[in-house]
Amino acid sequence: MNNFKTIELVDDKLKLINQTLLPLREEYVITDDLERISVAIERLEVRGAPAIGVAAAYGLALALKNVSSDTKSNFEKAYNRLASTRPTAVNLFYALNEMKKTFDSYNGDDLYKTLLQRAVEIHEEDRVLCDRMAQNGLNIFPKNARVLTHCNAGQLATGGAGTAVAVITKAYEVGLVKHVYADETRPLLQGSRLTAFELDKSGIPFSIQPDLAAGVLMQQGKIDLVITGADRVAANGDAANKIGTYTLAVLCRYHNIPFYIAAPYTTIDRECATGKDIKIEMRASSEVTSVHGVQITKPEYDVFSPAFDVTPNDLIHGIITEEKLFTPPYEF
């Protein structure tokens, strides 16, 4: 794992690396305020489905830190605020519901300490899941593989070493990966800002390229496999991930290149039958019409900006979890 912390608890405050400033500035949000934590999730200062879940668990505990009366009302208010931040990432709701179970079963003297302990456990569970996923993904790589990934599914997206990037990193460490291609990931450039930041710190050879260059790389025979993370996986294996993932899967099918998803069990929504049932978050038009506050086209132009798309299960060669590598037909 890299030598920075994405999420940690320091002196009863949540410390988050501000991902909107990377890779040019490494700054942290340090707070115990529920609203500030909620805004950090909404602004993508913390992002990635598992990391969102971990941050929300801590946020819910911290919301009860100095509350001695009317705890039920305060808990529900905090729960609902955090639940409203990012609708597609199922890990958010997994974490919130685990915290609710803890709250509902609590009958001791120190509610905050009890909730905080469960948040710490959720964080540690994610660390373990990431390590297991990395190990389970090794069998997908040919030797000297050239790998393409999209968005960021590394340490910055989780409470541990990452999902897709953790698998890639582990494969590099054992000599299976030769080079990584990271899509820039428009419109917020998570690939060129965040995945590149992580690969650089890990010393893994990589290139960044415009999203639309992926097809050319495949056409030129420079990609052996594609692996991405996911924000929600339906019970049938349909997977929602950063916008542009579906396009990659279609390109992989045409060029006969295997396409994989890496995601922990907390990202698999067994109550969601198919990808058609996944609610897709729409982002602000300003994220397309401007870059880091600099206007690049007229702000009044109409914009279509879904944060995610859904890749049908028949385009997915395999789904790597902490349990095993699942292959079609998907039965979790």
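The values are calculated or read from the model by the stated rules, or taken from the named source; none is laboratory data. No experiment lies behind these values; they were computed from the predicted model shown. Cβ sites come from the backbone with ideal geometry, for glycine too, and all protein chains shown count toward neighbours. Surface accessibility is based on the protein's heavy atoms, side chains included, excluding ligands, DNA and RNA. Shrake-Rupley method; radii C 1.70, N 1.55, O 1.52, S 1.80 Å.
Before moving on, here are some points about what is shown:
- Each part reduced to its alpha carbon centroid, the stretch 171-207 and the stretch 214-288 end up 17 Å apart.
- Principal-axis analysis of the Cα atoms of the chain puts helix 245-255 at an angle of about 20° to the longest axis.
- Burial order of peptide ranges 159-169, 226-236, 123-133 (average beta-carbon count within 10 Å, highest first): 159-169, 226-236, 123-133
- Three-way shape label, the stretch 73-215, alpha-carbon gyration tensor, a/c 1.5: prolate
- Among 316-325, 204-213, the order from most to least packed when residues are scored by Cβ within 10 Å on average: 316-325, 204-213
- Test item: Cα-centred dipole of the chain, Lys/Arg +1 and Asp/Glu -1 on Cβ, debye: 600 debye
- Adding -39500 (n - 2.57) for every DSSP H run of four residues or longer, then dividing by how many residues the chain holds, sets the calculated 222 nm ellipticity at -10500 deg cm²/dmol.
- For the stretch 162-224: rounded, prolate or oblate by the Cα gyration tensor [a/c cutoff 1.5]: oblate
- Once C-alpha pairs closer than 8 Å and six or more residues apart are averaged by separation and normalised to the residue number of the chain, the relative contact order reads 16 percent.
- Accessible surface for the chain, divided over its residues, is 44 Å² per residue with a 1.4 Å probe.
- Measuring between alpha carbons in the structure, the pairs from 65/170; 5/276; 178/324; 201/276; 72/324 lying more than 28 angstrom apart are 65/170; 5/276; 201/276; 72/324.
- Sulfur and carbon atoms: percent of accessible area, the chain [1.4 Å]: 49 percent
- Gyration tensor (alpha-carbon) shape descriptor, the stretch 124-165, a/c threshold 1.5: oblate
- Relative contact order %, the stretch 247-312, counting alpha carbon pairs below 8 Å whose residues are six or more apart: 30 percent
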